[in-house]
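Trainee: Quick one: structure below, then a few questions.
The values are calculated or read from the model by the stated rules, or taken from the named source; none is laboratory data. Values in this document were obtained by computation on a predicted structure and should not be read as measured data. Cβ coordinates were reconstructed from backbone atoms using ideal geometry, including for glycine residues, and neighbour counts include every protein chain displayed. Accessible surface is based on the protein model in full, side chains and every heavy atom, while ligands, DNA and RNA are left aside. Shrake-Rupley method; radii C 1.70, N 1.55, O 1.52, S 1.80 Å.
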Amino acid sequence: MISLEGINKSYKKKVLNGINLKADKGKCVGILGSNGCGKTTLLGIMAGVIKYDSGRIFYDGQCISGKKLFYKYVGYVPQENPLIDEVSARDNIKLWYGNKFDDSILEKLGINEFIDKRISELSGGMKRRVSICIAMMKRPKILILDEPSAALDIYGKKEVVSHIKEFIAEGGTAVISTHDRDEIEICDKIYLMKEGVLTEKGDLLSFYLK
């Protein structure tokens, strides 16, 4: 469903060095690594919000470039809260989709119960649900999540994992960067990022045995 070939990115120094990655339909791929190793840059490139210097990205076998094609395939949940605290969950969603949003996704994520509350009044788990909702509203084939349960309590973490599992079960492809054991356990394939180099570590069992 999504594959990267030889992706390179530099700022003042090399951040990503010849990245290769593949994630199939109905699978979850996890990217592990210390803070500052390049994970967020890589996910931003996969989501089409950061330009890469060289290499190729394929979605569903099609080599793509340009924001419109990225937007067609990908839903992106960044690590930092992208929501506007001063307005309601409903208004945050409307900023992206106007009045033409999918009520079934609101129901699936349980957002209707707090949709008219301001973001500043919501728990961390509720905010994350709204972010995931915005990413999923266009029914993407690929969901990219950057440390989706970071700073959440145990209940918020379980909510996030549940939504990722449901997305995968419905045939979606998920790529997540994570330090969380529960998220690692739902990954079908694991990569380790270190100093801008990505190494495939196989499935969960292989990862723990190496």
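Trainee: Failed condition for residue 80, given (1) farther than 17 Å from residue 196 by Cα; (2) touching a Gly at 6+ places or on another chain (Cβ under 9 Å); (3) open to solvent by 40 Å² or more (accessible area, probe 1.4 Å), with all others met?
Mentor: (2)
Trainee: Is there a residue in the stretch 60-67 that is surrounded by 21 or more Cβ atoms within 10 Å (Cβ to Cβ) and over 17 Å from residue 167 (Cα atoms)? Walk me through how you get there before you give the answer.
Mentor: Residues of the stretch 60-67 that are surrounded by 21 or more Cβ atoms within 10 Å (Cβ to Cβ), as a first pass: none.
No, every residue in the stretch 60-67 fails to be surrounded by 21 or more Cβ atoms within 10 Å (Cβ to Cβ) and over 17 Å from residue 167 (Cα atoms).
Trainee: Surrounded by 20 or more Cβ atoms within 10 Å (Cβ to Cβ), of a type in the set (A, V, I, L, M), closer than 21 Å to residue 23 by Cα and touching a helix residue (DSSP H, G or I) at 6+ places or on another chain (Cβ under 8 Å), is that true of residue 142? Don't jump to the end; show me each part of the working.
Mentor: Details: surrounded by 20 or more Cβ atoms within 10 Å (Cβ to Cβ): yes; of a type in the set (A, V, I, L, M): yes; closer than 21 Å to residue 23 by Cα: yes; touching a helix residue (DSSP H, G or I) at 6+ places or on another chain (Cβ under 8 Å): yes.
The answer is yes for residue 142.
Listed here are the residues, each with its yes/no results for (1) charged (D, E, K, R); (2) within 26 Å of residue 191 (Cα to Cα).
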{"residue": "9", "(1), (2)": "yes, yes"}
{"residue": "12", "(1), (2)": "yes, yes"}
{"residue": "32", "(1), (2)": "no, yes"}
{"residue": "47", "(1), (2)": "no, yes"}
{"residue": "75", "(1), (2)": "no, yes"}
{"residue": "85", "(1), (2)": "yes, no"}
{"residue": "91", "(1), (2)": "yes, no"}
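Trainee: Given (1) part of a helix (DSSP H, G or I); (2) at pLDDT 90 or above; (3) loosely packed, with under 13 Cβ neighbours inside 10 Å, identify the lone condition not met by residue 85.
Mentor: Residue 85 satisfies every listed condition except (1).
Trainee: Determine whether the stretch 190-199 contains at least one residue that is surrounded by fewer than 16 Cβ atoms within 10 Å (Cβ to Cβ), more than 13 Å from the chain's Cα centre (by Cα) and over 22 Å from residue 41 (Cβ atoms).
Mentor: Just the residues of the stretch 190-199 that are surrounded by fewer than 16 Cβ atoms within 10 Å (Cβ to Cβ), to begin with: 194-195, 197, 199.
Subset that is more than 13 Å from the chain's Cα centre (by Cα): 194-195, 197, 199.
Of the ones still in play, those that are also over 22 Å from residue 41 (Cβ atoms) are none.
The answer is no; no qualifying residue exists.
Trainee: Out of 2, 31, 93, report the one residue that is free of Cβ contacts under 8 Å to residues at least 60 places away in the same chain, under 21 Å from residue 163 (Cβ atoms) and surrounded by 14 or more Cβ atoms within 10 Å (Cβ to Cβ). Before you say what the answer is, go through the steps one by one.
Mentor: Working: 2 fails: free of Cβ contacts under 8 Å to residues at least 60 places away in the same chain; 31 fails: free of Cβ contacts under 8 Å to residues at least 60 places away in the same chain.
Unique residue meeting the criteria: 93.
Trainee: Residues that are charged (D, E, K, R) and under 30 Å from residue 9 (Cβ atoms): list the strands (runs of 3 or more DSSP E) wholly contained in the stretch 100-210 that include at least 1 such residues. Don't jump to the end; show me each part of the working.
Mentor: Values: elements: 142-146, 173-177, 189-194, 197-202.
Answer list for the stretch 100-210: 142-146, 189-194, 197-202.
Trainee: Only one of 169, 151, 135 is within 19 Å of residue 27 (Cα to Cα), among the hydrophobic types (A, V, I, L, M, F, W, C) and open to solvent by 60 Å² or more (accessible area, probe 1.4 Å); which?
Mentor: Values: 151 fails: within 19 Å of residue 27 (Cα to Cα); 135 fails: open to solvent by 60 Å² or more (accessible area, probe 1.4 Å).
Only one candidate passes the filter, namely 169.
Trainee: Can you pull out the residues in the stretch 42-59 that are surrounded by 22 or more Cβ atoms within 10 Å (Cβ to Cβ) and over 23 Å from residue 168 (Cα atoms)?
Mentor: 52
Trainee: Quick check, is residue 42 in a loop (DSSP other than H, G, I, E, B) and at pLDDT 90 or above?
Mentor: No, not satisfied.
Trainee: Give the number of residues within the stretch 1-39 that are under 12 Å from residue 177 (Cα atoms) and assigned to a strand (DSSP E or B).
Mentor: Qualifying residue count for the region: 5.
Trainee: Also, quick follow-up: Please tell me if residue 127 is charged (D, E, K, R), open to solvent by 10 Å² or more (accessible area, probe 1.4 Å), more than 14 Å from the chain's Cα centre (by Cα) and within 24 Å of residue 46 (Cα to Cα). Outline the logic, then answer.
Mentor: Numbers: charged (D, E, K, R): yes; open to solvent by 10 Å² or more (accessible area, probe 1.4 Å): yes; more than 14 Å from the chain's Cα centre (by Cα): yes; within 24 Å of residue 46 (Cα to Cα): yes.
Yes: the conditions hold for residue 127.
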